[in-house]
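> Let me begin by handing over the structure; questions about it come next.
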Amino acid sequence: MIQNELKKYIAQAFLDLYKAEISSDSIAIEKTSDDYEGDYTFVVFPYLKTTRKSPEQTAQQIGEYLIQQGAPIQSFEVLKGFLNLVVKAEFWIQFLQNEAQLPEFGSNQSGNQQKVLVEYSSPNTNKPLHLGHIRNNLLGYSIIQILKANGFEVKSCNLINDRGIHICKSMLAWLEQGNGETPESSGIKGDHLVGKYYVVFEKQNKLEKEQLIASGMSEEEAGKSTPSMKRAQDLLRKWEAGDEETIQIWKTMNGWVYDGFGQTYTKLGVNFDQFYYESNTYLLGKELVQEGLDKGVFFKKADGSVWVDLTEDGLDQKLLLRGDGTSVYITQDLGTAELKFGDFAYNRSVYVVGNEQDYHFKVLQLILKKLNKPYAEGIYHMSYGMVELPDGKMKSREGKVVDADDLIQEMVQTAGETTEALGKTEGLTEEAKADLFHLIGMGALKYFLLKVDPRKKMLFNPAESIDFQGNTGPFIQYTHARIRSVLRNGAGLETSFEASSISVSKAEKNLLKNLYQYPLVVAEAAREMSPGVVCNYLFDLAKSYNQFYHDHSILKEENPAQRAFRLVLCDSVGRVIRHGGSLLGIGMPEKM
RNA sequence: GGUUCCAUAGCUCAGCUGGAUAGAGCAACGGUUUUCUAAACCGUGGGUCGCAGGUUCGAGUCCUGCUGGGACUACCA
């Protein structure tokens, strides 16, 4: 790493010039701002007390020292307290020849094969997926690829919430008003069909609730007392009692939903190593609750309910088991954590779950720590912001959602229309066209959702379509297609060259410097748990490639060494774009 | 009420552990194609970084207060 090398030289400079011992780790080297000549900058302001010289003098002396001692720089420039260093051109060329061409360029082994389990998606089975779920799925998928590229051994899982009152609502409405409708009979995708009956239930329930309120009942009371809600609860009780007919309907309707989800997952390009079902895990937590009682970290109230006191940790008391002995959400999660650890002895367990559950995960981890679970420390809530519409958060219950399947279809369609309009479908079979449109449409959608810092909420305006130009997925895909086109046209040309027989222009050096950053970006993405870091990088890289492409001729360059250099540069940029795209789940076309 | 997150151009977002004149994209306007893919490239206009203090050589970044907004704070999941 050139930065580290420079730091060592600078630390040595302090020792020799000023008799001051400064660890090279504490020295900050940053990229030189574009407005100035130079590649890296050392800021001397913090060290003036030890050098007892003016900023200019200090910078000048250190710069001269670096040249004298043979640091890998060819020149330097001092502006106020800024020492701008120009790295030797050969350095960049050697980097291109020796490192950038390696297939594993960008990846590292810092994870040391530590085991990470990533849970993501985790849908309810009473309604189809919406845009918020897409963000979750893409983040989960991407962070898995990023962790793998950093040398972690990663397994993915999906905890499906297949039981509970919400599923019973769909079941009830279907039983009462469905007339035996099935996905086959109606031609409706399974998850949408079940979602349809969820909406039927909610509509009916809302009417009943309004009637109760009109007759003088409080809103809270009315919410629990509608005839529909009571019947749904009856159904839940029957389910928990194992009533055969109820279980049968439950299985059938969940089956429809899984078919539907499966199709959506396939379109999104996500997959899972393992599925967990809450119907299997919801009872497991009870054992942990008993364990906590035995250890005296939980306590029982007079009505038999079990609680944990987290007031010392700045939180409240938290219910772990209802008075009637049934489990609540957190109980299940305790059990699931234990189960997961048993299946895959992880060092870290990542939960890709929205930030509305920040409190929940804080509690979960605290409780597991109180139980002295060895895996408690490794729990990490990858908390991401909600996707909001211009008028606020999406609400399934009110039908205020952007449906996942609709949006995907729309993106692919727009990609098709755009591609056709640009006349880029010549000679493609229908199948190749469909694949390309899907690749581009999904590229646009994925990039749109992943480029934003996961921690932040983001806005989606359905009235404005997602762009295909500028800072977008298709821009990067297009850049890749251009590169591939050049390489196809230049196939067979010589690609080895002597560093001494070429010159490196500003655009070329800029591109090389960008390439050089890539391994740092991959590491940062894992450290920050943010695919957005990769997005921003790829956009920068593609932009500097396009500038280079615009400024220089590649195949028509007459100096064979220079041409070879540019071809290798193109190839390396193409590799990095593909590698980076794979971290995001975005495929790169050969032509578009 | 308590906990917590957020506020940067008309819109959507970058801005790494504090560093030089705060950057992109979209939208607006203007230019570039007999030359490797114009989903591209170049240029113009656009800012009290929510407000007020503080810390220091230096603050969009750190601290305090205020304003505005979101989430959580259920014997829902």
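The values are calculated or read from the model by the stated rules, or taken from the named source; none is laboratory data. Predicted model, so just to flag it, every value in this text is computed and none were measured. Here the Cβ is made from the backbone with ideal geometry for all residues, glycine too, and neighbour counts use every protein chain on show. These accessible areas exclude ligands, DNA and RNA; they are computed on the full protein's heavy atoms, side chains included. Shrake-Rupley method; radii C 1.70, N 1.55, O 1.52, S 1.80 Å.
> Could you pull out the residue among A:439, A:450, A:422 that is of a type in the set (A, V, I, L, M, F, W, C) and farther than 12 Å from residue A:592 by Cβ?
Values: A:439 fails: farther than 12 Å from residue A:592 by Cβ; A:422 fails: farther than 12 Å from residue A:592 by Cβ.
Of the residues listed, the single one that is of a type in the set (A, V, I, L, M, F, W, C) and farther than 12 Å from residue A:592 by Cβ is A:450.
> Regarding residue A:549, is this residue open to solvent by 50 Å² or more (accessible area, probe 1.4 Å), assigned by TED's automatic domain parsing to the domain that holds residue A:456 and in a helix (DSSP H, G or I)?
On the way: open to solvent by 50 Å² or more (accessible area, probe 1.4 Å): yes; assigned by TED's automatic domain parsing to the domain that holds residue A:456: yes; in a helix (DSSP H, G or I): yes.
Taking the combined requirement at face value, the residue satisfies it.
> Here's another thing I want to ask about it. Identify, please: which residue in the stretch A:107-129 is open to solvent by 30 Å² or more (accessible area, probe 1.4 Å) and outside any loop (DSSP other than H, G, I, E, B) and is, among those, farthest from residue A:375 (Cα to Cα)?
Filtering first and then ranking leaves A:124.
> Further question on the same structure: Going by what's in this entry, would residue A:407 be described as at pLDDT 95 or above and either under 20 Å from residue A:138 (Cα atoms) or loosely packed, with under 12 Cβ neighbours inside 10 Å (or both)?
yes
> Specify which of the listed residues (A:573, A:568) is within 19 Å of residue A:472 (Cα to Cα), away from RNA strand B (no atom under 12 Å from the Cβ) and not polar (S, T, N, Q).
A:573
> Of the residues that make up the stretch A:430-447, is at least one open to solvent by 80 Å² or more (accessible area, probe 1.4 Å) and within 22 Å of the chain's Cα centre (by Cα)?
Taking every residue of the stretch A:430-447 in turn, none turns out to be open to solvent by 80 Å² or more (accessible area, probe 1.4 Å) and within 22 Å of the chain's Cα centre (by Cα).
> In the stretch A:311-339, how many residues are open to solvent by less than 20 Å² (accessible area, probe 1.4 Å) and either within 17 Å of residue A:144 (Cα to Cα) or hydrophobic (A, V, I, L, M, F, W, C) (or both)? Working first, answer last.
Looking only at the stretch A:311-339, we keep the residues that are open to solvent by less than 20 Å² (accessible area, probe 1.4 Å), and these are A:320, A:327, A:330-337.
Right, trim to either within 17 Å of residue A:144 (Cα to Cα) or hydrophobic (A, V, I, L, M, F, W, C) (or both) and you get A:320, A:330, A:334, A:337.
So the answer is 4.
> State whether one or more residues within the stretch A:237-254 are within 28 Å of the chain's Cα centre (by Cα) and either modelled with pLDDT of 95 or more or in a helix (DSSP H, G or I) (or both).
The answer is yes, given that some residue of the stretch A:237-254 is within 28 Å of the chain's Cα centre (by Cα) and either modelled with pLDDT of 95 or more or in a helix (DSSP H, G or I) (or both).
> Considering each of A:83, A:117, A:79 in turn, give the residue that is under 31 Å from the mean Cα position of the chain (by Cα) and of a type outside the set (Phe, Trp, Tyr). Walk me through it before giving the result.
Details: A:83 fails: under 31 Å from the mean Cα position of the chain (by Cα); A:79 fails: under 31 Å from the mean Cα position of the chain (by Cα).
Only one candidate passes the filter, namely A:117.
> Mind telling me which of the residues A:472, A:479, A:495 ends up being more than 8 Å from RNA strand B (Cβ to nearest atom) and either surrounded by 21 or more Cβ atoms within 10 Å (Cβ to Cβ) or not hydrophobic (A, V, I, L, M, F, W, C) (or both)?
Values: A:472 fails: more than 8 Å from RNA strand B (Cβ to nearest atom); A:479 fails: more than 8 Å from RNA strand B (Cβ to nearest atom).
Step by step, each of A:472, A:479, A:495 is checked, and only A:495 is more than 8 Å from RNA strand B (Cβ to nearest atom) and either surrounded by 21 or more Cβ atoms within 10 Å (Cβ to Cβ) or not hydrophobic (A, V, I, L, M, F, W, C) (or both).
> A further question follows. Which of the strands (runs of 3 or more DSSP E) contained wholly in the stretch A:1-102 include at least 2 residues that are within 22 Å of residue A:541 (Cβ to Cβ) and open to solvent by less than 70 Å² (accessible area, probe 1.4 Å)?
So the answer is A:40-43, A:82-87.
> Follow-up. For the stretch A:284-310, which positions are more than 21 Å from residue A:370 (Cβ to Cβ) and either crowded, with 16+ Cβ neighbours inside 10 Å or of a type in the set (A, V, I, L, M) (or both)?
Across the stretch A:284-310, the qualifying residue is only A:302.
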